[in-house]
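Below: the structure, in structure tokens.
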Amino acid sequence: MRYRPYVLTVLFLGFAIVCGLFIEKTLGDKNKNYTCRIPGGSVEFDMIYISGGEFGMGSPENEPGREKDEGPVHRVNVDPFWIGKTEVTWEEYECYAFNIGLEPNADKIEAVTKPSPAYEPYDRGWGRGKLPAMGISWHAVKIYCEWLSKKTGHNYRLPTEAEWEFACRAGSSTPYSFGGNPGELEKYGWFEKNSGGKTNKVGLKLPNAFGLFDMHGNVWEICSDYYDENYYKTFKDVKIADNPKGPEEALDPVIRGGCWDDQPAELRSPSRKELPFEWWERDPQRPRGQWWLIDGQYVGFRIVRSADE
């Protein structure tokens with residue numbers, strides 16, 4: 001009996017450790033990576049902590065493959081945030097869109113709309129599971145983030161263009177996160193040369209220095225910013241741009257990172273373009289539907305969460 005206090009102390013400490021690990025796994029401690037399980041099912045996703053800081057956004061005029069919308073290089077500061085270790089996969093998106101992967105009656109979130117049916121197989125017959133979700137509109141991915149935020153109690157959203165480039169560069173100032181040699185690209189990303197003409201499962205290539213996979217290639221990634229080819233010029237006289245969020249309004253969002261069908265130049269860290277209208281063009285609805293990009297098998301998305309929420 002005299003050992004009972006010791007036994008109780010050990011049990012209590014063990015319980016506290018298990019609880020602490022559970023909290024870290026599901027909610028995320030400050031300054032740490034974490035795994036979140038979507039409530040009501042078994043699907044999980046990993047978030048990587050990015051400490052933030054200052055970097056040179058854009059590309060110098062002498063960078064091979066550079067486009068005019070990538071300059072001038074300007075100093076930018078971003079606050080700490082978490083970002084998805086991989087692009088959002090079909091198994092994650094289907095929890096929201098079709099209740100696939102959730103227990104019966106597990107998704108009772110009110111005031112969050114669901115996508116309309118796709119006109120063609122939304123996975124193009126390539127498969128789902130751990131492949132990146134693709135062909136989803138800017139509207140749809142923002143609603144997904146709203147749904148995920150309500151499910152988990154944390155504010156998930158799309159990255160700003162500055163956050164995306166900071167995460168992609170992972171401390172580098174070279175055309176790619178791993179350096180300047182496009183001959184090394186096959187180790188890090190899926191593109192025209194090695195993709196087999198389709199998307200591939202996330203996380204199969206080497207990560208960048210922050211531990212992020214597929215920042216180069218696989219699918220273009222939608223950001224929260226509107227696209228303006230002249231936006232960078234507005235920072236010409238700004239010493240440091242603090243957490244820029246893009247122009248106040250324009251037509252379509254910025255997409256980043258290149259895709260499975262692109263040449264190496266489009267997979268560079270500073271490469272950027274506007275979500276093309278032609279990916280909607282074959283939509284038989286008038287006005288065109290707001291959920292699916294009927295020819296948007298080139299684009300997906302990745303989520304972030306601010307560190308101060």
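Nothing in this text is a laboratory measurement; each read-out follows from the coordinates by a stated rule. Note that the structure is a prediction, hence the values are computed from the model and not measured. Every residue, glycine among them, receives a Cβ derived from its backbone with ideal geometry; neighbour counts consider all protein chains shown.
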- Query: Where does the chain land at 222 nm, in deg cm²/dmol rounded to the nearest 500, when only DSSP H runs of n ≥ 4 count, each adding -39500 (n - 2.57), divided by all residues?
  - Reply: -6000 deg cm²/dmol
- Message: Could you compute the net charge surrounding Glu274? Neighbours are other residues with a C-beta less than 10 Å from the C-beta of Glu274; K and R count +1, D and E count -1.
- Response: -2
- Along the charge dipole of the chain, which of Ser116, Ala106, Gly246 sits closest to the positive end, that is, farthest toward it, with unit charges on the beta carbon of Lys, Arg, Asp and Glu (+1, +1, -1, -1)? Ala106
- In degrees, nearest 10, the alpha-carbon axis of helix 138-152 is tilted away from the dominant principal axis of the alpha carbons of the chain by 10
- Choose one answer from Gly125, Gly179, Gly203: the residue with the largest mean-square fluctuation in a GNM of the chain with alpha-carbon springs under 10 Å. Gly125
- Query: Which ³J(HN,Hα) values in Hz, rounded to whole numbers, follow from the phi angles of region 95-102 under the Karplus curve 6.51 cos²θ - 1.76 cosθ + 1.60, where θ = phi - 60° and Gly and Pro get x?
  - Reply: 4, 6, 5, 10, 6, 6, x, 10
- Sorted by Cβ density within 10 Å, fewest first, the residues Ile83, Ile240: Ile240, Ile83
